[in-house]
1. What do you reckon, is residue B:174 closer than 23 Å to residue B:89 by Cβ, touching a helix residue (DSSP H, G or I) at 6+ places or on another chain (Cβ under 8 Å), surrounded by 24 or more Cβ atoms within 10 Å (Cβ to Cβ) and within 14 Å of chain A (Cβ to nearest Cβ)?
2. Got a sec? Which of A:193, A:145, A:157 is modelled with pLDDT of 90 or more, closer than 21 Å to residue A:34 by Cβ and over 17 Å from the mean Cα position of the chain (by Cα)?
3. In the set A:173, A:222, which member is more than 14 Å from chain B (Cβ to nearest Cβ), more than 27 Å from residue A:4 (Cα to Cα) and out of contact with any helix residue (DSSP H, G or I) (no Cβ under 8 Å at 6 or more places or on another chain)?
4. Filter the range A:126-150 for residues that are within 11 Å of chain B (Cβ to nearest Cβ) and under 25 Å from residue A:2 (Cβ atoms) and give the result.
5. If you check residue A:18 against the conditions, is it touching a helix residue (DSSP H, G or I) at 6+ places or on another chain (Cβ under 8 Å), in a strand (DSSP E or B) and closer than 26 Å to residue A:223 by Cα?
6. Take the residues in the range A:152-161 that are more than 10 Å from every other protein chain (Cβ to nearest Cβ) and surrounded by fewer than 22 Cβ atoms within 10 Å (Cβ to Cβ), then tell me which one is nearest to residue B:186 (Cα to Cα).
7. Here is a check on your reading of the model: is residue A:287 over 31 Å from the mean Cα position of the chain (by Cα) and surrounded by fewer than 19 Cβ atoms within 10 Å (Cβ to Cβ)?
8. Just one of B:149, B:122, B:112, B:126 is buried (at least 24 other Cβ atoms within 10 Å of the Cβ) and either under 19 Å from residue B:239 (Cα atoms) or away from chain A (no Cβ under 14 Å) (or both); which is it?
């Protein structure tokens, strides 16, 4: 079941949480809404669910407008950030809730409810905890109960609000791999909200990057990471070194760096711009090999991990993060306090707006 | 959790023991016990001693006396009307305040506290001014042959007014602390308004509701000032237990006065016992909820 959001706007008083947003989620895909807090991602998710109504625009499921359909009848599964489990009920009763509150006519018989709930608990690997209360479970277990509860009503779409937000790092990783596998198994159209770029890039088929109520970019993980459409997407999806300067006549002049071709701005008028490079795209050397870079002092080295992370700062106090392979690091033999030559291998140039 | 001047269930949750020097602990404890002995236990003992002064026979005779019996029945009737009304009001008001944002919320909260702030005598006077013979609605009531002041309706009205904050005040902090995530979850799962209330909200607030009802009932049965103004003290007709006690006392019938008064003392003790049970139950439930909140 596909989801289509058309020109949706939502205001809270004078604050515009969602500003004329349009997104399409194809049936069976897992899409991440990624953005910092206050970017409108949760508001958008709640509008899709029907928990909030948009001030303008519409939400369509499989081409059908949902405006007049209450959240009760939309058949969405919603996973809340803080679980929102019914704390006075057992795990079993929590999962059974959506079936028990159905009108008498469509309510399945008790035996059927029991079988279905136990099936779902097996799916989330918690059937052995059916008689416990939510307070007796760990965070990861609670989140899986929430998921089973949402799936019990056979939703047509699954919406997850920061599903791993309140879990610790190791459980998060485990659970998101598990969610991905579950999604591959049941192929339910799903949207999840997160502020963690690693999580979004890792789990989702496609990522929608939001900022200040608007969509900055949507695309596959690789698209948004490799080809960010805006400086915001570039900086939000990971660390980056910034080289500011100007563009003019089809070239970018960024400080001491060598001039780079920039065919998008062929005009003679000079405009302020900046070039961005990821830490692994910075070449670190002892010598000024051909120029076109800058000198910086090594401040810190984190040797743990597959890559070695270097922290450097230049004479103007700007700091740079660089990543080199272990072999490069061993060859470099750099010590804290030494001056090294930095040169970006790849630059993404954005002209300043306005 | 926000504070509640009425001494609330909310305060019972998350209680922490302090460690103070033993001398301070003993002194504070001694002061408290002494104070309670002088102002609570002693009067309570006095009531029962006086009541049984002439033996159990005289005690029960005083209660069986027709006017006393009528006063007891009127008190029960008043409480039976006032408490359910205030229960409904309390649920509605606390739900509105805890779950919705609307202009004038602060004012509404203040207004709910009004009966706590106003002297009960003034509360009674308000109803005399409204419904009395010279009052705003007096002529209309007289035309339709309706009697409010110096009659049962007036007593019920005054009691409802004096007791309406109890349930609401008890429930507002409980509901606010709950938030509405669970209700939202229930709604997404397809539950209707009543189903959400019975299956999700009520189980969380039931002890708060009970606590509020207990306090409300105690006050409804024991209210003197406001009821005294609107009652007219007609024996066997508009006397509640507290008013009947006063009349007997003024007639120097001390034994009978204390015998009837002992009923209210019983009610007070029963209220305290019920209150402790409810608080104990809340404490039983609290540690679980707290763990849940910590993890969240």
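1. So residue B:174 passes the test.
2. A:157
3. A:173
4. Within the range A:126-150, A:146, A:149, A:150 meet the criteria.
5. It is true that residue A:18 is touching a helix residue (DSSP H, G or I) at 6+ places or on another chain (Cβ under 8 Å), in a strand (DSSP E or B) and closer than 26 Å to residue A:223 by Cα.
6. Restricting to residues being more than 10 Å from every other protein chain (Cβ to nearest Cβ) and surrounded by fewer than 22 Cβ atoms within 10 Å (Cβ to Cβ), the top hit is A:154.
7. Taking the combined requirement at face value, the residue satisfies it.
8. Being buried (at least 24 other Cβ atoms within 10 Å of the Cβ) and either under 19 Å from residue B:239 (Cα atoms) or away from chain A (no Cβ under 14 Å) (or both) holds for just one of B:149, B:122, B:112, B:126, which is B:149.
The values are calculated or read from the model by the stated rules, or taken from the named source; none is laboratory data. It should be emphasised that the depicted structure is a prediction, and the values quoted were computed from it without experimental measurement. Cβ coordinates were reconstructed from backbone atoms using ideal geometry, including for glycine residues, and neighbour counts include every protein chain displayed.
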